[in-house]
Amino acid sequence: MRLVRRLLLILVIVLALPYGLVLLYGAGHPVSTLMLWRWATGAPVSRTWVDLDTISGALPRTVIASEDAKFCTHRGVDWNALQDVIEDAQEGEATRGGSTITQQVVKNLFLWPGRSVIRKGLELPLALWIELVLPKRRILEIYLNIAEWGPAGQFGAEAGAIYAFGRSAATLSAREAALMAAILPNPVTRSARNPGPGVRRLAGKYAARAQASWAQPCLGRNRAS
């Protein structure tokens, strides 16, 4: 019985830890679980943190347009998109991604890749919690700095831009930003550096979306170029 209580206590601590860490992530340079895993296994990791105001405004706009068009208005979870995914699964159709940028931040910071009911059950309340305690700009800033953007351990917009185009994320053009958005979430099989027809097609679609929704109210004073 004592062993069971100890195990339950450990489980509660493990489950509560991410909620406490989020309170600290209003500042600093958080790292993802994948980055930690690569460090632990000796695999290379390249990441240089850049503030949102330093990144070319084309990248956050295009990432929002491609990954989560309602980012500025939802509270962590797009319930309509989630319901559509559930209905598709129930009907036996191939499911599309229904995760918001906030949910992807949760997954990258605290959870693991792949789809499962357990992971989703942990992800949803954490996404709501992050939206409650962190501003939108900070959530997006974290996402842009922990997303995997290259095939050999390039994490974050800066490392991704340097790998793909040989220059800083501060100088990305709209086309380059669209190519980077198009390789999410799999920069191992997709390349912004040497884009194939599929990546170029997606980049064109995402660039058009970003142009059509140029103003993103939650981005504030992020630069236009």
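Worth pointing out:
- Taking ARG115, ARG200, ARG61 and ordering them by how much accessible surface each has at a 1.4 Å probe, largest first, produces ARG115, ARG200, ARG61.
- Probe 1.4 Å, all protein chains present, accessible-area order of PHE71, PHE165, largest first: PHE165, PHE71
- Karplus-based coupling profile of region 124-136, in residue order and whole Hz: 4, x, 5, 5, 5, 5, 4, 5, 6, 10, 10, x, 4, with θ = phi - 60° in 6.51 cos²θ - 1.76 cosθ + 1.60 and x standing for Gly or Pro.
- Using Cβ point charges alone (K and R +1, D and E -1), the dipole size of the chain about the Cα centre works out to roughly 360 debye.
- Cut-off under 5 Å, modelled amide H: who pairs with SER46 long-range: GLN154, PHE155
- Highest to lowest packing among 100-111, 181-192, 5-16, scored as the average C-beta count within 10 Å: 100-111, 181-192, 5-16
- Cα pair count fraction exceeding 18 Å, expressed as % - region 163-214: 25 percent
- Leading residue at positive end of dipole, the chain (Cβ point charges), from GLY160, ALA81, GLN216: GLY160
- P(r) of region 93-225 over all Cα-Cα pairs, binned every 10 Å from zero, in whole percent: 11, 38, 39, 12, 0
- Radius, Kirkwood style, for the chain when every pair of distinct Cα atoms is counted (Å): 18.3 Å
- Region 8-64 pair-distance distribution - Cα-Cα, 5 Å bins, rounded %: 4, 13, 14, 16, 21, 18, 8, 4, 2, 0
- By accessible area, using a 1.4 Å probe on protein heavy atoms only, region 1-79 has 68% of its surface on carbon and sulfur.
- Ranked by the mean number of other Cβ atoms within 10 Å per residue, highest first, peptides 136-147, 35-46 order as 136-147, 35-46.
- Distance in nm between pseudo-label sites at ARG2 and LEU132 (7 Å out along the Cβ direction from Cα): 3.6 nm
- Diffusion constant of region 103-153 at 25 °C, which comes from Stokes-Einstein with the Kirkwood Cα-pair radius and 0.890 mPa s, µm²/s: 209 µm²/s
- Between helix 156-165 and the chain: long-axis angle, C-alpha atoms, 0 to 90°, nearest 10: 30 degrees
- Area accessible to solvent at VAL4, 1.4 Å probe radius, in Å²: 80 Å²
- Cα long-axis angle, helix 197-212 against the chain (0 to 90 degrees, to the nearest 10): 90 degrees
- Once the 1.4 Å probe is applied to the protein heavy atoms, the chain comes out at 52 Å² accessible per residue.
The values are calculated or read from the model by the stated rules, or taken from the named source; none is laboratory data. Keep in mind it's a predicted model, so treat the numbers as computed, not measured. A quick note on method: Cβ atoms are made from the backbone with ideal geometry, for glycine too, and the neighbour counts reach across all protein chains shown. Accessible surface is based on the protein model in full, side chains and every heavy atom, while ligands, DNA and RNA are left aside. Shrake-Rupley method; radii C 1.70, N 1.55, O 1.52, S 1.80 Å.
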